[in-house]
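A.B. asks: Below you'll find the structure I mean.
The values are calculated or read from the model by the stated rules, or taken from the named source; none is laboratory data. As the structure is a computational prediction, the values presented were derived from the model and not from experiment. Backbone-built Cβ (ideal geometry, glycine too); neighbour counts: all protein chains shown.
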Amino acid sequence: MARLPRLTVPGYPHHVIQRGNNRQPIFANDADRRMLLALWVEYADAFRVAVHAYVLMGNHFHLLATPTSETGLPQMMQAVGRRYVRHFNDAHGRSGTLWEGRYRSTLIETERYLLACMVYIDLNPVRARLVAEAHDYPWSSHGHHIGLQQDKLITSHALFWALGNTPFAREAAYVELVRGGLHTEDQEKLTEATLKGWALGGADFLTDLQHRTERRATRSKAGRPLAPPPET
């Protein structure tokens with residue numbers, strides 16, 4: 001069965017996961033991490049993709065981004081992926097593939113899942129027991145959102161700006177969001193939707209989205225179609 005093309009619709013946030021081949025590390029040192037971030041800065045600007053959040057883990061990364069065109073996100077990911085593999089292979093005397101096939105992605109309903117997805121991304125190092133608190137991990141956008149650093153890669157989403165009328169108020173509100181954590185159900189939904197490529201949102205959102213793309217946005221229901229009701 002042929003693979004469906006990725007679901008990419010401009011103007012909507014997309015959650016992206018890219019893993020190393022056979023779960024192998026995709027970074028050998030901090031220079032590798034800085035290179036990937038620099039490539040994202042370069043190509044997010046070139047392809048007009050707004051990056052809202054990210055985290056670099058040992059053998060994968062997460063990205064939350066909104067493209068302004070249907071091709072922007074795929075083009076950015078392709079360009080960054082190729083450049084980074086060349087860098088990694090040259091720097092570490094290796095050859096061959098680095099990535100586990102295609103990146104995985106899903107399109108999410110902004111009002112319902114954008115902030116939840118940011119929290120999901122920021123808490124990855126905590127769930128992996130790399131740090132006790134999200135602010136202790138240096139390789140994510142969390143520090144930017146709570147005022148610890150300025151990250152030129154990040155374009156804050158309007159929903160983040162709506163958390164408060166001042167930078168301090170927004171940062172404090174976001175700290176509380178992350179401290180509150182994420183419901184297990186939302187965590188599982190974000191993971192499954194991203195890995196399987198189905199849009200994530202409420203029924204009205206998904207119905208509206210399907211009118212905007214020819215690609216099927218949700219999984220078809222199993223079983224035979226229902227028969228029409230008998231005439232009365």
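A.B. asks: Being touching a strand residue (DSSP E or B) at 6+ places or on another chain (Cβ under 7 Å) and under 26 Å from R219 (Cα atoms) narrows it down to one residue among H62, H52; which is it? Can you show your working first?
C.D. replies: Numbers: H52 fails: under 26 Å from R219 (Cα atoms).
Only one candidate passes the filter, namely H62.
A.B. asks: Quickly run through segment 96-110 and pick out the residues that are out of contact with any Phe, Trp or Tyr (no Cβ under 7 Å at 6 or more places or on another chain) and under 21 Å from G58 (Cβ atoms).
C.D. replies: Correct list: G96, T97, W99, E100, G101, R102, Y103, R104, S105.
A.B. asks: Which ranges mark the helices (runs of 4 or more DSSP H) fully within segment 69-144 that have 2 or more residues being within 24 Å of A158 (Cβ to Cβ)? Can you show your working first?
C.D. replies: Details: elements: 72-92, 110-122, 124-127.
Passing ranges, in order: 72-92, 110-122.
A.B. asks: Here are some conditions: (1) within 20 Å of L190 (Cβ to Cβ); (2) surrounded by fewer than 18 Cβ atoms within 10 Å (Cβ to Cβ). V16 meets all but one. Which one does it not meet?
C.D. replies: (2)
A.B. asks: While we're on this one: Count, please, the residues in segment 158-181 that happen to be surrounded by fewer than 19 Cβ atoms within 10 Å (Cβ to Cβ) and either under 15 Å from the mean Cα position of the chain (by Cα) or of a type outside the set (G, A, S) (or both). Write out each step before concluding.
C.D. replies: We begin by selecting, within segment 158-181, every residue surrounded by fewer than 19 Cβ atoms within 10 Å (Cβ to Cβ); these are 158-159, 161-169, 171-173, 175-177, 179-181.
From the residues that got through so far, the ones that are either under 15 Å from the mean Cα position of the chain (by Cα) or of a type outside the set (G, A, S) (or both) too are 159, 161, 163, 165-168, 171, 175-177, 179.
Result for segment 158-181: 12.
A.B. asks: Restricting to segment 198-224, name every residue that is in a helix (DSSP H, G or I) and either among the hydrophobic types (A, V, I, L, M, F, W, C) or surrounded by fewer than 12 Cβ atoms within 10 Å (Cβ to Cβ) (or both). Break it down stepwise before answering.
C.D. replies: Residues of segment 198-224 in a helix (DSSP H, G or I): 203-210.
Hits for segment 198-224 are A203, D204, F205, L206, L209.
A.B. asks: OK, next. Would you mind finding the one in L182, L159, L195 that is outside any loop (DSSP other than H, G, I, E, B) and either out of contact with any Leu (no Cβ under 6 Å at 6 or more places or on another chain) or touching a residue at least 60 places away in the same chain (Cβ under 8 Å) (or both)?
C.D. replies: Values: L182 fails: outside any loop (DSSP other than H, G, I, E, B); L159 fails: either out of contact with any Leu (no Cβ under 6 Å at 6 or more places or on another chain) or touching a residue at least 60 places away in the same chain (Cβ under 8 Å) (or both).
On inspection, the qualifying residue turns out to be L195.
A.B. asks: Just checking, how many residues over segment 29-62 are assigned to a helix (DSSP H, G or I) and of a type in the set (A, V, I, L, M, F, W, C)? Break it down into steps so the answer makes sense when it comes.
C.D. replies: From segment 29-62, those assigned to a helix (DSSP H, G or I) are 30-46; that's our starting set.
In the following step, the residues that additionally are of a type in the set (A, V, I, L, M, F, W, C) were identified as 31, 35-41, 44, 46.
Within segment 29-62, residues that are assigned to a helix (DSSP H, G or I) and of a type in the set (A, V, I, L, M, F, W, C) number 10.
A.B. asks: Surrounded by 21 or more Cβ atoms within 10 Å (Cβ to Cβ) and hydrophobic (A, V, I, L, M, F, W, C): does that describe V85? If you could, list the steps in order and put the result at the bottom.
C.D. replies: Numbers: surrounded by 21 or more Cβ atoms within 10 Å (Cβ to Cβ): no; hydrophobic (A, V, I, L, M, F, W, C): yes.
Taking the combined requirement at face value, the residue does not satisfy it.
A.B. asks: Is it the case, given these coordinates, that I26 is touching a Gly at 6+ places or on another chain (Cβ under 7 Å), outside any helix (DSSP H, G or I), within 21 Å of L98 (Cβ to Cβ) and at pLDDT 95 or above?
C.D. replies: Details: touching a Gly at 6+ places or on another chain (Cβ under 7 Å): yes; outside any helix (DSSP H, G or I): yes; within 21 Å of L98 (Cβ to Cβ): yes; at pLDDT 95 or above: yes.
Yes.
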